[in-house]
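The values are calculated or read from the model by the stated rules, or taken from the named source; none is laboratory data. Please read these numbers as outputs of a predicted model, since none were measured by experiment. Neighbour counts run over all protein chains shown; Cβ positions are idealised from the backbone, glycine included.
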C-alpha cells in the first residue's frame, strides 16, 4: 500500500513540475507561458490594465488586443509594470525584473533570448559560422515579430526551436545602469568611494555571485 502511494505521489509531483515548467521557443519567445494580467504605471500617475508579456528579442513589452499582439507604446513614459506581483522597470529601453530596491537604487535582472546560438553553425575545424538568418530574424518566423496573431502563436508555440535565455544582473545606481559586479561598480565610483565599498564588502563577507549578497550592496548606497 505504501509503495502504491509513493508511486502515485511521484507521478503527481512529476505532473506538477511539468505543468510549471516552461521553455521559450522561436515561435513563443516570451518570458511567460501565456499573456498575463499586468498593470502599467505611468510617470504621470495614470495606470492601465492589459494582458501583457515580455518579448525576449529585446526585452520589450507586448500586449494583446482583439487577438492581435502589439508593441507597447512608450511615448507616455512608464514608471513600472507589475506582472504576477513581479515589478519591472525600463533600463536602456529594455524591461528588467526588480530583484531588490533601496530608495532609488535597484538590483535588476535582464532576460533576453540567445538568438545568436540558434543561428550559429559549426564550420570547418570546429569554428563557428553565423547563418544569414542573424540579419533577418523575420525569415526565421520569430513569434511576435513576423507573426502577430495571438491565437495562431498559441497554437504553434510548441512548434518552434527551443530558445536559450541569457540572464544578466545589473545595479541601477542613481539612474545609471552598471553590471552587478565589483568591476562594474569600480567603473562608476571614485577611488575613495570604491575603497569604502571594498571595506563594506569585506566586513559583510559579500560574495559577488550570490543574489542575496548583491542585494546587500544596495544598503551601502543608502
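Before moving on, here are some points about what is shown:
- Restricting the first member to segment 174-194 and to residues that are at pLDDT below 95, and the second to residues that are loosely packed, with under 13 Cβ neighbours inside 10 Å and assigned to a loop (DSSP other than H, G, I, E, B), the beta-carbon pairs closer than 7 Å and six or more apart or on different chains are 174/104.
- The number of residues in segment 111-142 being closer than 19 Å to residue 34 by Cα and modelled with pLDDT of 85 or more comes to 3.
- If you go through segment 173-222 and keep only what is surrounded by 14 or more Cβ atoms within 10 Å (Cβ to Cβ) and assigned to a loop (DSSP other than H, G, I, E, B), you end up with 180, 181, 188, 189, 206, 208, 221.
- Where residue 68 falls short, out of the listed (1) touching a strand residue (DSSP E or B) at 6+ places or on another chain (Cβ under 6 Å); (2) touching a residue at least 12 places away in the same chain (Cβ under 8 Å): (1)
- Taken as a whole, segment 97-107 holds at least one residue that is out of contact with any helix residue (DSSP H, G or I) (no Cβ under 8 Å at 6 or more places or on another chain) and modelled with pLDDT of 90 or more.
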